[in-house]
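What follows draws every value from the coordinates through simple rules; no lab data is involved. Because the structure is a prediction, the values reported are computed rather than measured. We place every Cβ from the backbone using ideal geometry, glycine too, and count neighbours over all the protein chains shown.
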Amino acid sequence: MRSTASLLLLACAAALPAQAPVTLQQVMGVATRAPDQVIRYGEAPEQFGHLRLPRGTGPFPVVVFIHGGCWLSQFGIEHAAPLEQALADSGYAVWSLEYRRVGNPGGGWPGTFRDVAAGADYLRTVAGRYPLDLTRVIAAGHSAGGFFALWLAARHKLPAGAELRDPDPLRVHGVLGLAPAPDLEGLHQAGVCGKVINGLMGGSPTEVPTRYAAASLMQLAPIDVPTEAVIGEADASWAPVGRAYVRRAMEAGDRRLHVVEVPGAGHFDVIAPFAPAWRAVMDGLRALVPRR
């Protein structure tokens, strides 16, 4: 485990060769095997997860992964396949969640949040059938999914009576945020992705303040869970959102947050196993939960 002191590290430019930022099309073009299992955690078409297992007998540490895509229905789980397989090949079981998003029936508030929570909690059921180590569970996500990874770790902070309160949420032992987008208030103000935050939250921070209080990491910080964040320095659209959360978390007293900015990396480099930024991703994961 890294030191618990809060700090911001810039990866050495000499250590990571410069290249053009990775595109979504390049990630989608990577050939991967089908998941070992596709398992439903609910009845809606989007309520399922991909389970990928490493070689060996286990029990394996588990990465609960939530894909990004602006919380919008047109961006689904498919582009996460290369990351899923690379993590499994590195010795980690992967439980990768699909969920209802803005544009899907039942997506937005509160369905999207309930799906991510239910999918994560369903790992307990999955672990009854497969060799998974629930004492070594990491929540990880990219972009919008990075927001949800942090939120899963913060659910225990929701007060009794809160709409999204769960009395027994799955315990998350660390968070790996890849280009995370935790600042819902800032994203709402910026009107990102066709004003998607309105669709996700059902209104503005002024109109539905209790929803933002239960969802925004800017209000839930610090989450008090070891956190590794990997941000592409060249990610002009989304890196500022991650940096805003880092500043807020540190102001709130988070001493378990470690951040790496990767020079020359864009938004999708951090989910591309073929990109130089992948080394920072794996270093972060192994700092949170080393393989035995």
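For the chain, what does -39500 (n - 2.57) per DSSP helix run (n ≥ 4), summed and divided by total residues, give at 222 nm, in deg cm²/dmol to the nearest 500?
Per the formula, -8500 deg cm²/dmol.
Pick from SER96, SER73, SER216: which residue has the top mean-square fluctuation in a GNM of the chain where Cα pairs under 10 Å get a spring?
Checking each option, the largest mean-square fluctuation is seen for SER73.
Determine, from the Cβ-Cβ distance of ARG129 and THR206 and an R0 of 51 Å, the FRET efficiency 1/(1 + (r/R0)^6), rounded to the nearest 0.05.
0.65
Between beta-carbons, use under 10 Å as the cut-off and find the net charge around ASP115, counting Lys and Arg +1, Asp and Glu -1.
Surrounding charge for ASP115 is +1.
About the Cα centre of the stretch 208-258, how large is the charge dipole given +1 on each Lys and Arg Cβ and -1 on each Asp and Glu Cβ? Please answer in debye to the nearest 20.
180
Can you tell me the FRET efficiency between ASP283 and LYS195 if r is taken as the Cβ-Cβ distance and R0 is 35 Å, rounded to the nearest 0.05?
That gives a FRET efficiency of 0.45.
Taking a cut-off of 30 Å, what percent of all Cα-Cα pairs in the chain are separated by more than that?
23
Please give the length that would be gained between ALA213 and GLU163 if that part of the chain were fully extended, namely 0.36 nm times their separation in residues minus their C-alpha to C-alpha distance (nm, one decimal).
That pair, ALA213 and GLU163, stretches by 16.9 nm at full extension.
Work out from phi, with θ = phi - 60° and the Karplus expression 6.51 cos²θ - 1.76 cosθ + 1.60, the ³J(HN,Hα) of each residue of the stretch 262-277, listed in order in whole Hz, and give x for Gly and Pro.
In residue order, the calculated couplings are 9, x, x, 7, x, 5, 9, 4, 6, 10, 10, x, 8, 8, x, 5 Hz.
Can you work out ³J(HN,Hα) from phi for every residue in the stretch 36-47, in order, using Karplus 6.51 cos²θ - 1.76 cosθ + 1.60 and θ = phi - 60°, giving whole Hz and x for Gly and Pro?
5, 8, 10, 10, 7, 10, x, 8, 5, x, 8, 8
Would you work out the charge dipole size for the chain about its Cα centre, treating the Cβ of every Lys and Arg as +1 and the Cβ of every Asp and Glu as -1, and quote it to the nearest 20 debye?
580
May I ask you to derive the relative contact order of the chain, considering only C-alpha pairs under 8 Å and at least 6 residues apart, and to give it as an integer percent?
This gives 24 percent for the chain.
Can you check what the net charge comes to around ARG171, using other residues whose Cβ is under 14 Å from the Cβ of ARG171 (Lys, Arg +1; Asp, Glu -1)?
-1
Around ARG136, which amide H atoms from residues at least 5 apart in sequence, or from another chain, sit under 5 Å from its own amide H, with H modelled in the peptide plane?
Under 5 Å from the amide H of ARG136 lie the amide H atoms of VAL62, each far enough along the sequence or on another chain.
Using modelled backbone amide H atoms (1.01 Å from N, in-plane), which distant-in-sequence or interchain residues come within less than 5 Å of GLN37's amide H?
So GLN37 has HN proximity to LEU51.
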